[in-house]
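Working notes for the structure below.
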Amino acid sequence: MSKAAPGRRPDSAQGRTRSRALVAERALHASNTLLQALTAAQLEFIGGSDAHLLFDKLLAVLLELTESEYGFIGEVLRDEQGAPYLRHLALTNIAWTDELKALYERSTSQGMEFRNLETLFGRVLTTGEPLVANEAATNPHAGGLPAGHPPLDAFLGLPLKSGDELVGMVGIANRPGGYGPELIEFLQPFVATCCSIILGWRGQRQRLHTEELLRQREEELQRHREHLEDLVQSRTESLLHTTVALEERQAQLLHSERMASLGQLVAGIAHEINNPLGYITSNLATLTQYLSVFTRLLELHRELADGLGELRGPQAELLQRIRTLQEQEDLDYLLGDVNDLLNDSREGAHRVADIVQSLKAFVREDSKQPELVDVNKELATTLKVVWNQLKYRCEVKCDYAQVPPILGRPAQLNQVFTHLLLNAVQAIPERGTIHVTTLHEADEVLVRISDTGHGMRPEVLSKIFSPFFTTKPPGKGAGLGLSISEGIVTSHKGRIEVKSQFGQGSTFTVRLPVAKDI
């Protein structure tokens, strides 16, 4: 067997190395593309994007990554008999007749329904298990295709499950070479994200339904109040107090449901981000160790080159080429820059981890029991969570004093700070400043949030804590935020004060009693 020349690998080994590197590079690119798409989709959903448009984007990314020809993402529902059926959320337009094209256009926003379970996707709905059909035409579960339908050569159906509940399904078709277990494993984050978004969307629909019922009840209560005022003026005041108390209680229940749904969604997002973040951080640490080895090896090469003395022939030429390359590429700069890049990457990973930790702290379950609370810490957590809503509209200046702890419920106080900060940035028309200040005065801790927005007129200022009062356009706000915030602060034995001048901004001050006998 012939021996390879020193310093060179056999051609076959070099080819295998390049092939493995190319495969690894493609896999990394696909993973990064998928992670970016899923992160963007989750953030867009939290920001209120339309679910159908969001799933259209996700389907486009899925088809591109898997090289599939067409596919769909759907929500699984059940009829009166409990049989599952599919309503599409995103669907490739493969209509082959004018009539079907028109039907597709009419049904895009509502979602077409598919109820035939004697099909490949029907098999997934009835079993709740993934289905790979790389010879779809001869698969025993295939239900056949109507005349004119594009060919179906290979099919992959993935169920979207929450626990044992089947909430949706993803189907893709006609990938060159078919589908396999490795692709199913690669798409698990995509499946989990779609499932979380469908669950969140269901929660939104339920909340909208609850809001509509609540508004109808409010209209009924209003008519009832007017009628009672005409009949029994003397009993109006007592009835009004009872009605307002009922409205506030209903508003609190509705808000609690919203926060629970948001907490479930954000906790899922934090979990999904933590998984890739873990191996990114680990890889950076390993890469740093490898770099130290390469750096030491280069230093030894330099020492060897400097100690060789006068060389002749090929060795002298090789040494000169090495020195020329070092000078041309500025090897010292490259080594230093690599360290800087790794440090920046580690810092970025730590910042992402810090944001995820803030999200998890923000949506933690309410313990129902008061505990010692560091107001400065809770304000910092809230600012990290809502920062994406603030950074493009305003500059935030924080001035935290050394304040004693208060006795309260952190999750509820975070809701108050969130409402006040979002109201402040929404009051700023283009670009402005928000000041967040904490103070200790006597036996109270003060949280003061000031903005340079448009301010409020006296007639508006007198109503801002009334349930359902809002100056926002219809559909943009329920008018519950300040009412609920006032209720939370009152339950903490504190109070909210507000000062505002039209055209000059507003200042909200939350006063909370210092915890006693610490």
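The values are calculated or read from the model by the stated rules, or taken from the named source; none is laboratory data. All of these numbers come straight from a predicted model, not from anything done at the bench. Cβ atoms come from the backbone with ideal geometry, glycine included; neighbour counts cover every protein chain shown. When the accessible area is computed, the model is the full protein with side chains, heavy atoms only, and any ligands, DNA or RNA have been set aside. Shrake-Rupley method; radii C 1.70, N 1.55, O 1.52, S 1.80 Å.
Worth a mention:
- Carbon + sulfur, % of accessible area of the stretch 364-451 - ligands and nucleic acids excluded, 1.4 Å: 48
- The stretch 147-235, relative contact order in percent, only Cα pairs under 8 angstrom and at least six apart counted: 21
- Stretchable slack from Tyr70 to Thr433, in nm (0.36 nm times residue separation minus alpha-carbon distance): 125.8 nm
- Ordering of 164-174, 203-213, 401-411 by packing is 164-174, 401-411, 203-213, highest average first (other Cβ atoms within 10 Å, averaged per residue).
- Relative to the Cα centre, the charge distribution of the stretch 158-213, modelled as +1 at Lys and Arg Cβ and -1 at Asp and Glu Cβ, gives a dipole magnitude of about 120 debye.
- Protein-only accessible surface order, largest first, of Phe417, Phe294 at 1.4 Å: Phe294, Phe417
- When +1 charges are put on Lys and Arg Cβ atoms and -1 charges on Asp and Glu Cβ atoms, the dipole computed for the stretch 31-94 relative to its Cα centre reaches about 120 debye.
- Checking the cross-link pairs Lys377/Lys397; Lys377/Lys493; Lys161/Lys384 against a 23 Å limit on the alpha carbon distance flags Lys161/Lys384 as lying beyond it.
- Taking Val61, Val510 and ordering them by how much accessible surface each has at a 1.4 Å probe, largest first, produces Val61, Val510.
- Residues whose placed amide H lies under 5 Å from that of Glu444, excluding near-sequence neighbours: Val514
- Just the protein heavy atoms count here, and of the accessible area of the stretch 105-174 at 1.4 Å, carbon and sulfur take up 48 percent.
- Straightening the chain between Leu208 and Leu221 buys 2.7 nm, computed as 0.36 nm per residue apart minus the Cα-Cα spacing.
- Taking 0.36 nm per residue of separation and subtracting the current Cα-Cα distance, fully stretching the chain between Val460 and Tyr333 would add 39.5 nm.
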